[in-house]
1. Of all residues in the stretch 178-197 being part of a helix (DSSP H, G or I) and in contact with a strand residue (DSSP E or B) (Cβ under 6 Å, 6 or more places away or on another chain), which is nearest to Trp122 (Cα to Cα)?
2. Looking at the stretch 102-109, is at least one residue within 14 Å of the ligand (Cβ to nearest atom) and within 16 Å of the chain's Cα centre (by Cα)?
3. Taking the condition of being touching a Ser or Thr at 6+ places or on another chain (Cβ under 9 Å) and either without any contact (Cβ under 8 Å) to a residue 24 or more places away in the chain or within 11 Å of the ligand (Cβ to nearest atom) (or both), how many residues in the stretch 43-61 meet it?
4. Whether any residue in the stretch 131-139 is within 14 Å of the ligand (Cβ to nearest atom) and either surrounded by fewer than 20 Cβ atoms within 10 Å (Cβ to Cβ) or among the small types (Gly, Ala, Ser) (or both) is what I want to check.
5. When you scan the stretch 92-99, do you find a residue that is under 25 Å from Val195 (Cα atoms) and in contact (Cβ under 8 Å) with a residue 24 or more places away in the chain, even just one?
6. Within the stretch 62-80, which residues are within 16 Å of the ligand (Cβ to nearest atom) and among the hydrophobic types (A, V, I, L, M, F, W, C)?
7. Quick one: which residue in Leu104, Leu142 is surrounded by 15 or more Cβ atoms within 10 Å (Cβ to Cβ) and either free of Cβ contacts under 8 Å to residues at least 40 places away in the same chain or of a type in the set (Lys, Arg) (or both)?
Amino acid sequence: MKRSLFFSTIFFLIPFLAACQQETKVSQAKSEPAAEAAKSPKILVSFYSWSGNTRRAAEVISKTAQAELFEIVPKEAYPKDYKECIDKAKEDIANGVKPELTSLPENIASYDIIFVGTPNWWSTIAPPVRSFLDCLKDYKGLVVPFVTHGSGGLANCEKDIRSSIPTVKVSIAGSWPGRSIEKAEASIAEWTKSVIGK
Ligand SMILES: Cc1cc2nc3c(=O)[nH]c(=O)nc-3n(C[C@H](O)[C@H](O)[C@H](O)COP(=O)(O)O)c2cc1C
């Protein structure tokens, strides 16, 4: 090859190769966010709360997991008076009552993970949560229970969630004492990260 031909070939080839490399970088940069989105699961944090503790836990979970919140609300609220609420809850649980709810989340099947939060009521889940679980009977994703309690811990809550939705995959529950829920926020956030694999 003549020397002049060699130099003119190099002269055109270098900018051409540089442009190709640039294009590869741009297309990689474009595809990365899409791949990231495909990896992150769609999460819903559902909860029932009578006096605010389970709501607080739900808010920490939803913030940590960047998930939507859904409050389970019975059409007829439980009495505001503690003693009356205790008695009504005891009666409803004994009779297996499933109170009507004001609404259900749209398109349940679109979520990969659904957290379900309940206070421990008489060692089991609150009746509105029992009603809510009916809409998860054919759910194909993962249900993650969480519980706030007085001094009785998880008691039968996880077991009763499992038996309400026997064909659904249910993970090990998280539980925290309701009266010190603010102090538990860091532990709730850590637990959430471990559950969703962050
Ligand atoms: C009707 C009723 C029954 C309860 N039963 C129990 C129980 O059996 N064991 C327990 O540890 N705590 C019990 N508690 C206490 C609640 O589980 C605890 O305060 C919880 O954090 C309340 O959550 P919330 O603020 O989201 O309603 C009961 C509370 C109520 C109102």
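1. Gly178
2. no
3. 9
4. no
5. No, because not a single residue in the stretch 92-99 is under 25 Å from Val195 (Cα atoms) and in contact (Cβ under 8 Å) with a residue 24 or more places away in the chain.
6. Leu69, Phe70, Ile72, Val73, Ala77
7. Leu142
Every residue, every condition in (1) β-branched (Val, Ile, Thr); (2) in contact with a Phe, Trp or Tyr (Cβ under 8 Å, 6 or more places away or on another chain); (3) farther than 17 Å from Thr54 by Cβ, yes or no:
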site	(1), (2), (3)
Tyr78	no, yes, no
Lys90	no, yes, yes
Leu104	no, yes, yes
Ala126	no, yes, no
Asp134	no, no, yes
Ser151	no, no, no
Arg162	no, no, yes
Pro177	no, no, no
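All of the numbers you see were taken from the coordinates with simple rules; none came from a lab. As the structure is a computational prediction, the values presented were derived from the model and not from experiment. Positions of Cβ are generated from backbone atoms using ideal geometry, with glycine treated the same way; all protein chains shown enter the neighbour counts.
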